[in-house]
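Beneath this line is the structure, given in structure tokens, with notes to follow.
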Amino acid sequence: MKKSKWGMYSLAIGAFALAITGCGGKKEESTESPAPANAPAGKTVDPATAGEVSGSVKLDGTPPKPRPINMAAEPACSKGRTTPATTEEVVTGDGGALANVVVYVKSGLDGYSFPAPTTPVKFDQQGCQYHPHVAGVQVGQPIQVVNDDQTTHNIHPIPKENREWNESQPPGAAPIEKNFAREEIAIPVKCNVHPWMKAYMAVVGHPYFQVTEKDGKFNLKNLPPGTYTLVAWHELYGPSEQTVTVGPKETKNVNFTFKPAPAAGD
Amino acid sequence: MKTSSNQNSRGLQAEFAPGLHRYALFTALCTFLLLVAGALVTSNDAGLSVPTWPLAWGSVTPPMVGGIVYEWSHRVIAASVGFLTIILATWLWMAEKRPWMRWLGLAALGAVIAQGILGGLTVRMFQPPAVSAAHATLAQLFFSTVVAIAFFTSFWWQSNIPELEDSRTPHSRSLAIWTVAAVFLQLILGAAFRHKAFGIIPHLVGAVIVTILVFMTAGALKRRFSNVQPLRKCARFLHILIGMQLLLGASAWWSRIYAAPFPQPIAIMVTLTVVHTVTGALLLATTLITTLVSYRMLRPQALAGSTSASELVAQ
């Protein structure tokens with residue numbers, strides 16, 4: 001009958017559509033070939049003339065109070081915690097020293113090439129928070145994601161320049177190894193299972209970067225002589241730039257100061 | 001199965017099947033619960049807590065922790081509604097004498113399959129705003145389709161209903177159809193805002209237009225047909241729902257601003273945004289029912305055999 005034929009065609013099309021989207025389910029590619037860090041087969045740094053830039057990052061003013069994180073819905077998260085969980089947007093030390101700032105060379109390294117390190121950067125999930133809160137990694141350098149909690153997490157970086165991925169990691173699972181192919185400062189990372197979990201990964205195309213600790217200090221060593229744009233980036237206060245010229249075997253001091261009002265945008 | 005056969009004033013022959021009608025109502029109710037489940041996923045930011053689709057890492061029993069509770073529950077309810085819709089479409093195809101009802105059943109089935117595919121795409125493509133907004137919009141459309149099926153299978157729709165004259169302009173039927181269209185567009189704007197396709201302004205402008213149209217439609221029905229129970233009921237429900245939705249909209253917006261500094265979605269924000277979303281679905285369904293009742297009962301000008309409202313009351 002005519003009506004049965006059309007009905008069967010509609011059902012068949014629906015089933016086919018379901019099949020093509022249901023099949024496969026292969027994981028997103030976990031690694032990519034990294035883009036060349038700088039110019040092809042470029043110059044290398046001469047340690048005999050290399051200098052360094054050091055300094056500190058401070059917050060001029062009263063930092064916002066960290067907010068408590070309610071983990072009551074997930075008892076596995078509270079287990080093993082010795083201190084209550086709080087947000088980590090602004091972490092300061094003595095004298096207004098600002099932690100979790102990515103200090104890096106933005107420009108001035110044209111012509112140099114830097115192979116990606118093979119030592120992975122560890123990115124841990126413990127007490128249902130990411131550690132470190134801000135991780136610095138070189139383009140192509142492996143990131144090793146570890147779950148030390150007794151609950152399932154997922155790690156979901158949300159990049160703009162790199163390929164997005166989202167992987168789950170149950171307790172006791174093997175570490176997940178990934179890398180990013182392009183420079184990007186910085187990639188937000190979230191866990192869709194535990195929405196309070198947030199972190200950042202700063203992917204830099206060369207080794208001249210550092211993420212400050214609670215002392216707010218940084219030290220970029222082995223820098224070839226030249227004029228550089230140095231950037232300090234904070235997740236709430238955005239980037240701040242300064243220009244510095246480093247002579248042969250010279251040590252320069254550069255300090256950054258942020259104000260408590262958030263920047264207009266990253 | 002107990003049925004009754006009626007020849008109504010339009011000459012349509014239909015058979016009321018109470019079992020089919022009750023089943024359609026049940027499917028509509030389950031679809032409403034699915035809307036709630038879907039809204040909970042979005043408001044709890046749990047949309048990608050199960051990054052694989054359709055199964056959870058090859059399993060149907062993922063660890064029910066954190067956001068996975070909302071995401072997986074949504075998928076289970078969605079699959080159940082899918083099966084209910086297959087049965088509904090099959091039942092309509094086999095039992096309905098009205099050809100357009102059989103096709104409406106198939107349309108509902110096509111919509112729920114498309115919804116499943118869109119749901120999968122939101123996961124696999126990491127929630128692109130356009131796909132997520134389309135998924136949210138189609139959900140509302142599917143709900144309205146199932147509600148319409150339940151309505152068309154009701155005894156009232158298939159019974160002998162005298163037609164009434166509506167000689168005033170704008171005609172009630174036209175107002176009703178404009179209102180349901182406006183509500184549907186407003187839902188699209190709301191979904192686009194909720195899934196970060198664009199900002200709040202278009203949705204606010206839409207709210208103004210919808211409010212005006214709902215009041216115009218409900219007001220016209222109340223003034224012109226105050227003694228006609230089905231139309232009076234439609235007007236009452238429209239008034240109640242638009243009032244609720246305006247309050248909920250303002251509250252939901254306030255709760256989003258209040259909740260912004262918190263590290264995770266908080267209960268008040270989740271509750272208000274979810275209730276606002278599903279009340280929008282109820283408003284769409286109500287404006288659709290109002291339109292169908294208006295088309296069923298009203299004629300823009302006097303026809304031979306049509307009845308005025310006062311004559312109907314006197315009968």
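Would the stretch B:18-28 turn up any residue that is under 17 Å from the mean Cα position of the chain (by Cα), at pLDDT 95 or above and either within 28 Å of A:Trp196 (Cβ to Cβ) or within 13 Å of chain A (Cβ to nearest Cβ) (or both)?
So far as the stretch B:18-28 goes, no, none of its residues is under 17 Å from the mean Cα position of the chain (by Cα), at pLDDT 95 or above and either within 28 Å of A:Trp196 (Cβ to Cβ) or within 13 Å of chain A (Cβ to nearest Cβ) (or both).
What tally of residues in the stretch B:229-241 results from selecting those that are buried (at least 20 other Cβ atoms within 10 Å of the Cβ) and farther than 22 Å from B:Val210 by Cβ? Break it down into steps so the answer makes sense when it comes.
Within the stretch B:229-241, the subset buried (at least 20 other Cβ atoms within 10 Å of the Cβ) is B:231, B:234-235, B:238, B:241.
From what's left, farther than 22 Å from B:Val210 by Cβ: none.
Residues that pass the stated criteria total 0.
Could you go through the stretch B:198-206 and let me know if any residue there is surrounded by 15 or more Cβ atoms within 10 Å (Cβ to Cβ) and in contact (Cβ under 8 Å) with a residue 60 or more places away in the chain.
no
Between a first residue in the stretch A:54-76 that is away from chain B (no Cβ under 14 Å) and over 30 Å from A:Lys221 (Cβ atoms) and a second residue that is part of a loop (DSSP other than H, G, I, E, B) and hydrophobic (A, V, I, L, M, F, W, C), which pairs have beta carbons less than 9 Å apart while being 6 or more apart in sequence or on different chains?
Every condition considered, the pairs that remain are A:Gly61/A:Ala261.
Inside the stretch A:86-113, can you point out the residues that are assigned to a loop (DSSP other than H, G, I, E, B) and crowded, with 20+ Cβ neighbours inside 10 Å? Please lay out each step first, then the result.
First pass over the stretch A:86-113, keeping only residues assigned to a loop (DSSP other than H, G, I, E, B): A:87-91, A:93, A:99-101, A:108-111, A:113.
Of everything in the stretch A:86-113, those that are assigned to a loop (DSSP other than H, G, I, E, B) and crowded, with 20+ Cβ neighbours inside 10 Å turn out to be A:Thr87, A:Glu88, A:Val90, A:Val91, A:Ala99, A:Asn100, A:Val101, A:Leu109.
In the stretch B:152-195, how many residues are touching an Asp or Glu at 6+ places or on another chain (Cβ under 6 Å) and free of Cβ contacts under 8 Å to residues at least 60 places away in the same chain? Walk me through it before giving the result.
First, pick out the residues of the stretch B:152-195 that are touching an Asp or Glu at 6+ places or on another chain (Cβ under 6 Å): B:172.
From what's left, free of Cβ contacts under 8 Å to residues at least 60 places away in the same chain: none.
Residues that pass the stated criteria total 0.
Would you tally the residues in the stretch B:239-272 being without any contact (Cβ under 8 Å) to a residue 40 or more places away in the chain, within 14 Å of chain A (Cβ to nearest Cβ) and either in a helix (DSSP H, G or I) or acidic (Asp, Glu) (or both)?
Of the residues in the stretch B:239-272, 4 are without any contact (Cβ under 8 Å) to a residue 40 or more places away in the chain, within 14 Å of chain A (Cβ to nearest Cβ) and either in a helix (DSSP H, G or I) or acidic (Asp, Glu) (or both).
Might you let me know whether the stretch A:35-43 holds any residue that is at pLDDT 50 or above and either on the phi < 0 side of the Ramachandran plot or of a type outside the set (Gly, Ala, Ser) (or both)? Spell out the reasoning first.
First pass over the stretch A:35-43, keeping only residues at pLDDT 50 or above: A:41-43.
With either on the phi < 0 side of the Ramachandran plot or of a type outside the set (Gly, Ala, Ser) (or both) added as a condition, the list becomes A:42-43.
Yes, that holds for at least one residue.
Can you find, within the stretch A:194-218, the residue that is surrounded by the fewest Cβ atoms within 10 Å (Cβ to Cβ) among those that are over 12 Å from the mean Cα position of the chain (by Cα) and within 14 Å of chain B (Cβ to nearest Cβ)?
Restricting to residues being over 12 Å from the mean Cα position of the chain (by Cα) and within 14 Å of chain B (Cβ to nearest Cβ), the top hit is A:Pro195.
Within the stretch A:170-187, identify whether any single residue is surrounded by 21 or more Cβ atoms within 10 Å (Cβ to Cβ) and within 10 Å of chain B (Cβ to nearest Cβ), and answer yes or no.
Among the residues of the stretch A:170-187, not one is surrounded by 21 or more Cβ atoms within 10 Å (Cβ to Cβ) and within 10 Å of chain B (Cβ to nearest Cβ), which makes the answer no.
Give A:Lys252, A:Lys221 a once-over and let me know the one that is assigned to a strand (DSSP E or B), away from chain B (no Cβ under 14 Å), of a type in the set (D, E, K, R) and touching an Asp or Glu at 6+ places or on another chain (Cβ under 6 Å).
Working: A:Lys252 fails: touching an Asp or Glu at 6+ places or on another chain (Cβ under 6 Å).
Step by step, each of A:Lys252, A:Lys221 is checked, and only A:Lys221 is assigned to a strand (DSSP E or B), away from chain B (no Cβ under 14 Å), of a type in the set (D, E, K, R) and touching an Asp or Glu at 6+ places or on another chain (Cβ under 6 Å).
For the stretch A:135-192, give me the residue count where each residue is among the charged types (D, E, K, R) and in a loop (DSSP other than H, G, I, E, B). Please lay out each step first, then the result.
Restricting attention to the stretch A:135-192, the residues satisfying the condition of being among the charged types (D, E, K, R) are A:148-149, A:160-161, A:163-164, A:167, A:177-178, A:182-184, A:190.
Keeping just the survivors that are in a loop (DSSP other than H, G, I, E, B) gives A:148-149, A:160-161, A:163-164, A:182-183.
Residues in the stretch A:135-192 being among the charged types (D, E, K, R) and in a loop (DSSP other than H, G, I, E, B): 8 in total.
Filter the stretch B:265-280 down to the residues that are crowded, with 21+ Cβ neighbours inside 10 Å and of a type in the set (S, T, N, Q) and list them by number.
Correct list: B:Thr273, B:Thr277.
In the stretch B:60-109, which residue that is farther than 23 Å from A:Gln169 by Cβ and basic (Lys, Arg) is nearest to the other protein chains (Cβ to nearest Cβ)?
Checking each candidate, the answer is B:Arg102.
The values are calculated or read from the model by the stated rules, or taken from the named source; none is laboratory data. Nothing here was measured: the structure is a model prediction, and the numbers come from that model. Every residue, glycine as well, gets a Cβ built from its backbone with ideal geometry; the counts of neighbours run over all protein chains shown.
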